[in-house]
Amino acid sequence: MPDYSWPPMDKRRVMGKRISRVDGIAKASGKAKYNSDLNPNDLLYAVLLTSPHAHAKITAINTSEAEKMQGVTAVRVINGAGKEVQWVGHEVALVAATSETIARDAARLIKVEYQVMPHLVHEQDLSKASGRTRPAGEVTTGDPEKAFQEADAVSEGQYGIPVITHCCLEPHGCVISFDGRKATFFPSTQNVSGMNADLAKGIGIPVTDIHTHQDHMGGGFGSKFPTELWHIEAAQLSKASGGRPVKMFLDRRQELLIAGNRPSVFSKIKVAGTKDGTLTAWQSQTWATGGIGGGGLNADQMPYVFRNVANRKINHTAVSLNTGGSRAWRAPNNPQLSYITCCALDDLAAKLKMDALDFYLKNVNLTARPETYRYQLERGAEIINWRKLAHLRGEGGSGVMRRGLGIGVNMWGGLGHDSKCRATINSDGSVEVALGTQDLGVGCRTAVQQVAAESFGLPFESVKVLIGDNQLPVSGASGGSTTIGGVSVSTRKATLNAVNKLFEKVAPALGTEADKLEAVDGRIQVKGNPAKALTWKAACSKLGPDKIEEMGENVSRNAAREGLITQGAAGVQMADVSVDIETGVVKLNKLVAVQDCGLVVNPKMTESQIYGACIMSICGALMEERVADQMTGQVLNADMEFYKLAGIGDIGDIVVDLDLRPEMDKRGIIGIGEPCAIGGVAAIANAVANAIGARVDMVPVTPNRVLAAMGTIGKRSA
Amino acid sequence: MEAFEYANPTTLPEALKLLGGSWSDAQVLAGGTDLISMMKDYVVSPKRVVNIKSVAALHGVTQTPKGVRIGATTTLDELASNPILRAQYGSLVTATLGITSPQLRNMGTVGGDLCQRPRCWYFRNGFGLLAMKDGKSLVPGGENRYHAIFGGGPAYFVSPSSLAPALVALGAQVTLQSASGSRTVDVANFFVAPKDENTREIDLKPEEILTEILIPPAAGSQNATYEVRHREAIDWPLATASVSLKMVGGKVAAARIVMGHVAPTPWDAAKAAEWLKGQSITEATAEQAGAAAVEGAQPLSQNEYKVQLAKVSVKRALLAAAGKA
């Protein structure tokens, strides 16, 4: 069996290099075809009709006019008479037609009668949510009551983080053809290998008769795992239309209403500490919504990262609202937990008149990885120039522009998922790796190519990578930051297994044994002896009419034994902001992300992913918020006009610092898609508090909220 | 969107003939940055769309003895980069550059900026311009963080035009042409706060086209615009102020102060302007003028902050106009 361990850092020729993603130019130039770009011959367009009411009973539905419209090929009712719809955007029916325009007009011709029922779409004021709440977690450890009594300082605050949506640029949906026997399926998915079973069940055919393919996908962030109702319905429309392909993608409004969201968290938190800044007790009451099902939270995860505080009293309530349902959002619940925790701790530090950095350093022993967080805090402080720029809360000068610094922390698992890879070596020397994974845009395709090239001992460019198809060996869904670990190991094993077979084939020609050979720099040679070598091409020619095909597999539970990958990422984000105290406008000067990331396959792509995560954090901290209206039950900003995301001018200077020290490298590969999207919100919120001398009680930190926190205006209610 | 007829006239008389007696008969398309999206959302569904960008006579900026004439289909980018305007009407250029996204400035037109419909999210979500339900506006009890702080209803939307406050402060006029003739209206009077759902927020009739804007000679006036925006990327201002000052011997001889995005129309702070007369512009007088400008504001449940933003906008616009920003 080959030695699968990673080459030492200084011996890696392709892995660890700052290679630009292979599909970057295709994407930037529009040449890359996403499944939502596909327009095959005979295409039909499906349009979904959804509920205009936040809560209603459908009393009648009549599709006859829509069916009669010229160009309409099929109409299907999803929720008919007698069914209740529970949020604006709840699916009612859908139409397929020869053009999108006809489908839209036809959907409007479906007559639906509703009996409107009472709705609730706000959760911030828990007292107005009676009858819609349920207890969802309680934890008590130590003796919190006593700890609060004995504390030198107690700080109390309210912290809120609203529902935000995934806002995927490529909406949810698919192009699908289904003739009743076989289906060809082009979804936008994070789960190429795994989503076919439910589709098969949904349309009543064996999974073997489904072919799924996706070359590129335009953003999922956790919201694109399952087989959707719309996928199945689109397949049925196709079947009802003689098997013609049907394109069913949500429109922008629907995308923001029903394609998932991140649950809110509102909280009342009390924390206690001693004079020297040691955190001694935590008490929190939290409530959250993720739509009709309420919003969960792992109560035992509080306080976030600093979980080993001796005394805790935690209580969580889920609030059910008439709004679209939540889905996993990049590090589910962690950004919210990081935000409420780090803000509460920051307020305690301020109360103790203690520098926030010192406070965190003082309490790293309450985390699972004290040394890592200490290193990261110090490193971040150095980059952001903390010791020179820092001041105690509210001591940011007397001018109109006030500057402040803040800290947020993260933690995540990131263990590679199960994955299978097939590596092929052909007699002409060409090589290929194939796996049923997907590239969400973060560079999976490129990373696989790097690992394969490294193991084949070939240049990066010479490896062909096949991904994005359910006919390839099964690889896990891309969620939980599990992809890079999974695909790297399966690719490593498959390629080394294949190379090993090649060694066996050519060893006689080199007058040696297979286990004495190595593949380096495009040669098969006796280990350490370039003079006794065959070129890669010459070696492969020995295969004659044959080719080598070998499998490699990552089994997640074997990770610890194999040592190629691991879990447990930690990181620290620090923000530097300037606030115009007359207008409440916050300008982000700098956001620093120090991230532990194990062995890094491609630092450029890793940094790029962290940049993206930082930008998401900036959006969440300063702009992003779903605005639901209790008067009408509508989400008023289900668009990209008032659902605000940051642009280039808003993001300031982002500095990513990967922890590439050898001791980190030795840990093996860890996924970092999620951890880096966690701490930024807290860092920015804390920097604002530090700058203006007051806590803004919820994010996003808008001018309205800053002015209210400072007392410039009397009140705010939004 | 509903099917519609598309007309592409090349002369003004031809274009005017294509219009109808009601907004549902025909609507004018210039940049298309707003009309098309409203049609796609079924907020408006005209039977005919009349593209006026092919009417050459409606395009361009010219200096005349009476002032600067700006053709309605001049793009916002052309406006912002025009040397005459840059030299004399900084307030207008700043306001134009506040219309973020170069794409919008490349496509959007001056006439379109003045005639665009409000961005009120109740209106855009199909609840009507006044968002009335059972005889009452939804806005005061609803989500009103971006709504008006002046005017007192029943219209609570804010005038979306970025250029209007600057044009009002500069004393500009618009020419409105119909098949039967033309009329000239002060930009200040072009905007109206509707009292009922059937009144439009601008004094334009369905059979008319806004053909040009005339800005009187600057004659040494000092002007500036300041806007408070939540984000630098594409966004609407939260509040703006445009001012135009005539200074004699370091003192204000005449002033116009007009706030934007605070009312259903550009909001002329005449009393504040009157108070400024005879003052020199200092941090203190600018601050006082700002306070005077927002006197009588009637904020709603969520938008008291806009009073502060309007006040600061006035102060900062005054200081900028006086070269003290």
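Any read-out appearing in this document is the output of simple, stated calculations on the displayed coordinates, not a laboratory observation. Not measured: the values here are computed from a predicted model. Note: ideal-geometry Cβ built from the backbone for every residue, glycine included; neighbour counts use all protein chains shown.
Projecting each Cα onto the charge dipole of chain A (Lys/Arg +1, Asp/Glu -1 at the beta carbon, about the Cα centre), which of A:Thr101, A:Ala331, A:Gly486 comes out farthest on the positive side?
A:Gly486
Evaluate the Kirkwood expression for the hydrodynamic radius of region B:218-325, namely the inverse of the mean inverse distance over all pairs of different C-alpha atoms, and round to one decimal in Å.
Across region B:218-325, the inverse of the average 1/r is 13.7 Å.
Taking the beta-carbon count within 10 Å as an exposure proxy, list B:Glu212, A:Glu382, A:Glu607 from fewest neighbours to most.
A:Glu382, A:Glu607, B:Glu212
Quick one: dipole size for region A:569-718, taken about the Cα centre, charges +1 on Lys/Arg Cβ and -1 on Asp/Glu Cβ, in debye to the nearest 20.
Taking the Cα centre of region A:569-718 as origin, the dipole is about 240 debye.
Starting at the first residue of region A:197-212, write each ³J(HN,Hα) from the Karplus equation 6.51 cos²θ - 1.76 cosθ + 1.60 with θ = phi - 60°, in whole Hz, x for Gly and Pro.
Working through the residues one at a time gives 4, 5, 5, 4, 4, x, 10, x, 10, x, 4, 5, 9, 10, 10, 10 Hz.
For chain A, what is the convex hull (Cα atoms) projected area averaged across all directions, in square nanometres?
33.4
Can you give the local net charge around A:Ala328? Use residues other than it whose beta-carbon is closer than 13 angstrom to its beta-carbon, Lys and Arg +1, Asp and Glu -1.
Its environment carries a net charge of +3.
Peptide B:126-135: average number of partner chain Cβ atoms within 10 Å per residue?
Mean shielding by partner chains, rounded to a whole number: 1.
Too long at a 24 Å Cα-Cα cut-off: which of A:Lys313/A:Lys644; A:Lys268/A:Lys351; A:Lys464/A:Lys537; A:Lys353/A:Lys388; A:Lys182/B:Lys40; A:Lys537/A:Lys604?
Going by Cα-Cα distance, A:Lys313/A:Lys644; A:Lys182/B:Lys40; A:Lys537/A:Lys604 fall outside the 24 Å limit.
If I take every Cα pair under 8 Å that is 6 or more residues apart in region A:423-547, average their sequence separation and divide by the length, what percent do I get for the relative contact order?
32 percent.
What relative contact order, as a whole-number percentage, does chain A give when Cα pairs under 8 Å and 6 or more residues apart are counted?
Here the relative contact order equals 16 percent.
What are the lysines whose alpha-carbon lies under 27 Å from the alpha-carbon of A:Lys83, with same-chain residues fewer than 8 places away excluded?
A:Lys57, A:Lys68, A:Lys111, A:Lys128, A:Lys201, A:Lys224, A:Lys239, A:Lys247, B:Lys133
Per residue of B:303-311, count partner chain C-beta atoms within 10 Å of its C-beta, then hand back the mean as an integer.
Mean partner-chain Cβ count within 10 Å for B:303-311: 6.
What is the fewest-to-most order of A:Met574, B:Met1 by other Cβ atoms lying within 10 Å of their Cβ?
If I rank by nearby Cβ atoms, fewest first, I get B:Met1, A:Met574.
Averaged over A:630-637, how many beta carbons belonging to a partner chain fall within 10 Å of each residue's beta carbon?
6
Please arrange A:Ser188, A:Ser398, A:Ser578 by counting, for each residue, the other beta carbons lying within 10 Å of its beta carbon, fewest first.
So the residues, fewest neighbours to most, are A:Ser398, A:Ser578, A:Ser188.
Hey, can you rank B:297-308, A:18-29, A:618-629, A:363-374 by average C-beta count inside 10 Å, highest first?
Going from most to least packed, we get A:618-629, B:297-308, A:363-374, A:18-29.
Quick one: Cα convex hull volume of chain B, Å³ per residue?
Once divided by residue count, the hull of chain B is 123 Å³.
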